[in-house]
Amino acid sequence: MLTYETARNTQPDLSAETAASLGRALSRSVRSHPSHERAALASALDDGLMPDEVARILAGRRVAEAFPVRWGESPEAYASRTVSEMFVAYLQ
């Protein structure tokens with residue numbers, strides 16, 4: 001059987017400035033895709049999800065944060081894929 005060292009690191013590896021800079025970079029890492037997000041939300045509601053169910057699935061995130069847009073994906077293709085993934089998340 002393998003054992004692993006589980007001693008907790010009590011010294012932070014990042015300075016406050018570095019952590020703040022990383023936070024800004026991560027918040028910019030998800031590009032805004034309003035047409036994709038509108039298409040996905042409209043399709044989700046058309047396909048039978050209720051607004052409160054969509055809100056629970058997204059858990060405060062934007063659609064593109066919860067379900068990233070793939071490079072070159074059209075709004076229609078994104079909406080279809082995202083609604084499928086929303087239903088899977090809803091059923092879990």
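None of the figures in this text is laboratory data; all of them are computed from the coordinates on show. Quick caveat, the model's predicted, so the values are computed rather than measured. Here the Cβ is made from the backbone with ideal geometry for all residues, glycine too, and neighbour counts use every protein chain on show.
Please work out the ratio of the alpha-carbon Rg of the stretch 32-91 to 2.2 N^0.38 Å and round it to two decimals.
Working it through for the stretch 32-91, the quotient is 0.98.
Mind checking the full-extension length gain between R70 and V88? Use 0.36 nm per residue of separation minus the Cα-Cα distance, one decimal, nm.
Here the segment from R70 to V88 would lengthen by 4.6 nm.
Are there chymotrypsin sites (Phe, Trp or Tyr not before Pro) in the stretch 52-92 that DSSP marks as loop and that have at most 16 other Cβ atoms within 10 Å, and which are they?
Passing both the DSSP loop test and the Cβ count: W71.
Convert each backbone phi in the stretch 73-80 into a coupling constant with the Karplus relation 6.51 cos²θ - 1.76 cosθ + 1.60 (shift: θ = phi - 60°), then list the ³J(HN,Hα) values in order as whole Hz, x for Gly and Pro.
7, 6, x, 5, 5, 4, 4, 4
Expected output is a single nm value to one decimal: the length gained when fully extending between R38 and R61, i.e. 0.36 nm times separation in residues minus the C-alpha distance. What is it? List each step's numbers first, then the result.
On the way: separation 23, 0.36 × 23 = 8.28 nm, distance 1.41 nm.
Value of the extension gain: 6.9 nm.
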